[in-house]
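First comes the structure, then the notes that go with it.
The values are calculated or read from the model by the stated rules, or taken from the named source; none is laboratory data. Computed from a predicted structure; not experimentally measured. Cβ placement follows ideal geometry from the backbone for every residue including glycine, while neighbour counts extend to all protein chains displayed. Surface areas here come from the heavy atoms of the whole protein model, side chains and all, with no ligands, DNA or RNA. Shrake-Rupley method; radii C 1.70, N 1.55, O 1.52, S 1.80 Å.
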Amino acid sequence: MAKKPLHLYHGMIIHGRKSTLHHEPQQTSNTMKQTITAPYAGFSLYLFADILAFHSNTALIGGGALGESAAEAFSYASIASRIIVFLAFALFASRLLRNPLPRRLAPAIATAVACIGLVLAIGSASEASPAPTVLAGMLFGGAQGIMGLIWLTTLPSLTYRTSYLYLLASHAAATVLCALVLLLPSSLLIPALAVCMIGGNICAVMLPPLRAHAHTARSQIKGIAPFLWKGVLAVGVFAFLSGFVSSVASHASDPLDPVGMQFFVLGISAAVIVIMLIPALAFHQPLKLENGYKIALPLSALGFLILPGLVSAIPTPVAGVLATTGYMLTGIILSCTIAEIARAADVSSAPLFAGSDTLTLSCLLAGTGIGSVFATRLSEAGAGVALIGLGSLYLIAIAASSFLGRQRASRDAQQPDAETPLPADGATASASEKPATLDDIADELGFTDQERQIFIQLIEGRTIPRIAQDLYLSASTVKYHTQKIYRHLDVHSRAELVSAVKNRRGMRA
């Protein structure tokens with residue numbers, strides 16, 4: 001059986017910068033800024049462990065611990081275990097990560113469980129039964145899933161730009177570290193994996209504690225869901241097609257050298273990191289959910305061209321790697337949006353991350369399973385494979401453009417009203433009148449600094465995309481704050497907002 005293809009890892013980013021239009025954002029009660037300290041380097045070690053074991057099986061196959069079929073079973077079990085862990089946290093146990101004691105104990109427990117999983121994986125190499133390998137995959141995958149949530153929940157506590165650069169730097173460091181370790185003898189891959197995993201978990205113990213939140217995610221879910229479901233669904237489509245194409249491609253060709261293939265994966269990962277850095281460094285505009293698909297789609301399209309044999313000079317398993325880039329990139333941007341929304345709603349991000357990962361990993365597992373079931377039949381029908389590859393490309397284009405392209409809010413929220421905007425603060429209706437300023441009204445309503453900035457720009461007639469660009473936020477976050485501002489003033493549109501503010505100014509004159 002051909003070797004299961006290598007899945008690119010994906011992480012999370014959050015973006016933002018200070019606005020200079022009205023105020024520099026000040027420290028507020030619902031935002032706690034933290035600086036990057038030495039323990040945060042452990043995130044790159046966590047990513048490295050994921051690359052070497054969960055996403056590539058390089059250590060397990062290259063190190064001789066498992067055969068190809070056993071490694072495939074280990075991978076399936078790892079994905080399924082993470083889904084179970086994420087679902088449990090989303091529904092029941094997310095509050096545990098906010099309590100200091102469980103948060104301190106979780107890395108130690110996860111380390112022990114993951115090490116048991118690795119020992120079982122090594123010991124099951126000579127076993128005829130797949131049960132030990134499946135159990136090993138479930139233990140290792142579940143432990144890594146818990147650690148992933150712990151690292152993710154630190155994101156909303158960092159400033160936007162710091163989080164963005166920190167996470168990309170962590171991915172870059174993990175990529176370089178993995179490339180260096182692959183140069184070692186294959187017998188040292190599993191020990192290197194274990195050492196880095198333990199080191200990363202030790203760093204997690206030293207992370208600053210999470211602060212308390214004003215709301216629970218469950219109480220705010222009706223306000224949060226409209227701004228996240230499209231992104232989750234779109235990433236799910238990318239994940240399904242990634243699993244499907246990867247599975248079909250792996251069964252349609254001879255197995256490749258796992259170490260050599262891993263170097264190719266690392267090269268693709270490095271290219272994606274560079275692509276994501278260019279707009280952030282050169283144009284001060286990190287990729288957002290609304291436009292990330294425009295880059296993810298061409299990257300994934302390369303895999304669809306190789307899958308049906310349209311580019312015969314390139315090995316078919318490469319199609320799976322290239323198709324996965326769309327899932328990787330959109331997954332990163334979705335996680336950025338989740339961190340922003342959690343900050344805006346002042347809720348714990350753990351259940352939001354856990355819920356979204358449950359859905360996207362379920363799509364990945366479903367796509368991989370369906371691809372495996374139909375791989376033989378599809379590989380025998382050359383024309384059919386070509387049609388399915390191009391048809392899937394068409395579906396992903398439709399899905400991406402439908403769910404992410406030009407997300408449209410209500411006409412009142414997206415477009416400035418026809419009526420004249422209110423005069424800027426400091427202007428007066430007459431020489432004898434001193435109407436309330438927009439800052440005065442924002443103070444009366446108890447707006448946060450971010451809500452204050454969005455409120456002022458709404459009144460001045462700016463559109464949602466323009467506000468998002470000016471404040472370096474995603475459009476989803478601006479829309480979320482806009483709805484909160486509407487509720488504060490008991491209005492439902494931009495026109496009603498302007499009218500309500502005029503009335504308040506008149507009453508204060």
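Sorting the segments 465-474, 330-339, 275-284, 72-81 by their residues' average number of neighbouring beta-carbon atoms within 10 angstrom, most packed first, yields 330-339, 72-81, 465-474, 275-284. Averaged over its residues, the range 165-293 has an accessible area of 41 Å² per residue, based on protein heavy atoms and a 1.4 Å probe.
Using θ = phi - 60° in the Karplus curve 6.51 cos²θ - 1.76 cosθ + 1.60, the 3J(HN,Hα) couplings for the range 363-372 round to 5, 4, 5, 5, x, 5, x, 5, x, 5 Hz; x is entered for Gly and Pro. Taking 7 Å steps out from each Cα toward its Cβ at Val176 and Ala214 produces label points 4.1 nm apart.
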